[in-house]
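See below for the structure under consideration.
What follows draws every value from the coordinates through simple rules; no lab data is involved. None of these values were measured; they are calculated from a predicted model. All Cβ positions, even for glycine, are placed from backbone atoms using ideal geometry, and neighbour counts span all protein chains on display.
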Amino acid sequence: MYNISIIAGDGIGIEVMEAAEYLLDNLDLQFTFSYGDAGYECYQKNGVTLPEETVKKAKKSDAVLFGAITSTPGQPSPIINLRKELDTYANLRPIKSYKGVESLYDNIDMLIVRENTEGLYSQNEYEENEKIIAERVITRKASEKISEVAFKQCVELGKNRVTCIHKSNVLKITDGIFKESFYRVGERYPNIEKNDFYVDAAAMYMITQPQEYQVIVASNLFGDILSDEGAGLVGGLGLAPSGNIGDKHGLFEPVHGSAPDIAGKHIANPSSMILSVAMMLDYLKEFEISSNIKNAVETVLEKGECKTPDLGGNASTMEMTKAIVKEL
Ligand code: NAI
Ligand code: MG
């Protein structure tokens, strides 16, 4: 029996979470759910974007599922704060091409490992003598920890190269340390190839030779940007899952946001959420069920009969979800 904390958020977060719950209800596993509020609609009701009650429930659960939220002007980001509260310092974002989905290349399979607790996401901006300053925090400790995760993932996935992304030619001290930490940790992994790119070149290689990437490790903002770029490469944000992992907690969420342009239409692609559920089940060591879910998504995409409009089809969120569950 697993206790799952469910934070749907708002916009399509609510619609894709319905898909996740439908899937969980149809698995051969026992779950109890505890529901938490967060996001823009929550702020309008409660005056806060992330109530303490939600954090408490998340901390007590075996894993957290998060949908998506709309940012609230002038308020801190609930998802950034939740990742920090749970100290889920590693954000794992697999990018994979699927048969049946139009994509620039058909052989992409990489993992972006994004540092999740510092970098430019410190949310500390202030004005000082007419200068507007945004704080970018890099510590040796977090840089080494995230590199360690990247190398471990590389071993676990049977891959053989980790690429560090940075901008140490300009951010000489902060990204100098990020890069140095990467190579220091890498010494413990003599059999794994290591290389590094400046983020601007890395963004181009993402389009021109993405097959060269196996595991990428990046600081918070660069990892965020490159993962949306990677998602675009393989068919869009509807296919991009993620896991936020720490030593005590795991939080799983699609890479996408609340998609106000399609919210309420029930046409959001549920795959990124469903694949995030599969990542959660891997985290809970339910490997077989997780693998079945990934296969079911692949089958539905390959058959191509039931897909949402972002993939060129006309199925609704729940129609595609039911097609995936039927394949299980
Ligand atoms: P977005 O990820 O919500 O949407 C970008 C584009 O991708 C839109 O055209 C959208 O329709 C499409 N898209 C996203 N998910 C899709 C899905 N499952 N199926 C089909 N199409 C999908 O990013 P955007 O528009 O920049 O931000 C919207 C709001 O979400 C903002 O308030 C932003 O701050 C917030 N946001 C929240 C995140 C989170 O909750 N973790 C992450 C990113 C943005
Ligand atoms: Mg993002």
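Residue separation of Ser71 and Ile173 scaled by 0.36 nm, minus their Cα-Cα distance, works out to 33.6 nm of gained length.
Which order, highest average first, do 205-216, 10-21, 259-270, 227-238 follow once you tally other Cβ atoms within 10 Å for each residue and take the mean per peptide?
On the way: 205-216: 17.8, 10-21: 24.0, 259-270: 19.6, 227-238: 21.2.
Top to bottom by mean Cβ count within 10 Å: 10-21, 227-238, 259-270, 205-216.
A Förster radius of 51 Å combined with the Cβ-Cβ distance from Phe287 to Lys265 puts the calculated FRET efficiency at roughly 0.90. Placing dummy labels 7 Å off each Cα toward the beta-carbon, the span from Tyr126 to Asn26 is 5.2 nm. Placing a pseudo-label 7 Å from each Cα along the Cα-to-Cβ vector at Asn314 and Lys99 gives an inter-label distance of 2.7 nm. Distance from the alpha carbon centroid of segment 105-174 to that of segment 37-100 works out to 20 angstrom. Spin-label pair Glu180-Arg161: with each label point 7 Å from Cα along the Cα-Cβ axis, the two points sit 2.7 nm from one another.
Amide H contacts of Cys164 (H built 1.01 Å from N, in plane; Pro and chain starts excluded): Asn195, Asp196, Phe197, Val217 sit under 5 Å, all sequence-distant by 5 or more or on other chains. Across the cross-link table entries Lys96/Lys194; Lys152/Lys294; Lys59/Lys172; Lys45/Lys322; Lys56/Lys84, which are compared at the Cα atoms, the separations over 25 Å belong to Lys59/Lys172; Lys45/Lys322.
Note on the chain: with a GNM built from Cα contacts shorter than 10 Å, the maximum mean-square fluctuation among Asp175, Asp28, Asp200 falls on Asp28. Restricting the trypsin sites (Lys or Arg not before Pro) of segment 283-328 to loop positions (DSSP other than H, G, I, E, B) with no more than 14 neighbouring Cβ atoms within 10 Å leaves Lys285. Among the trypsin sites (Lys or Arg not before Pro) in segment 40-121, those placed in a DSSP loop whose Cβ has at most 13 other Cβ atoms within 10 Å are Lys99.
For Ile108, the residues whose amide H sits under 5 Å from its own are Ser97, ignoring neighbours fewer than 5 places away on the same chain, with H placed 1.01 Å from N.
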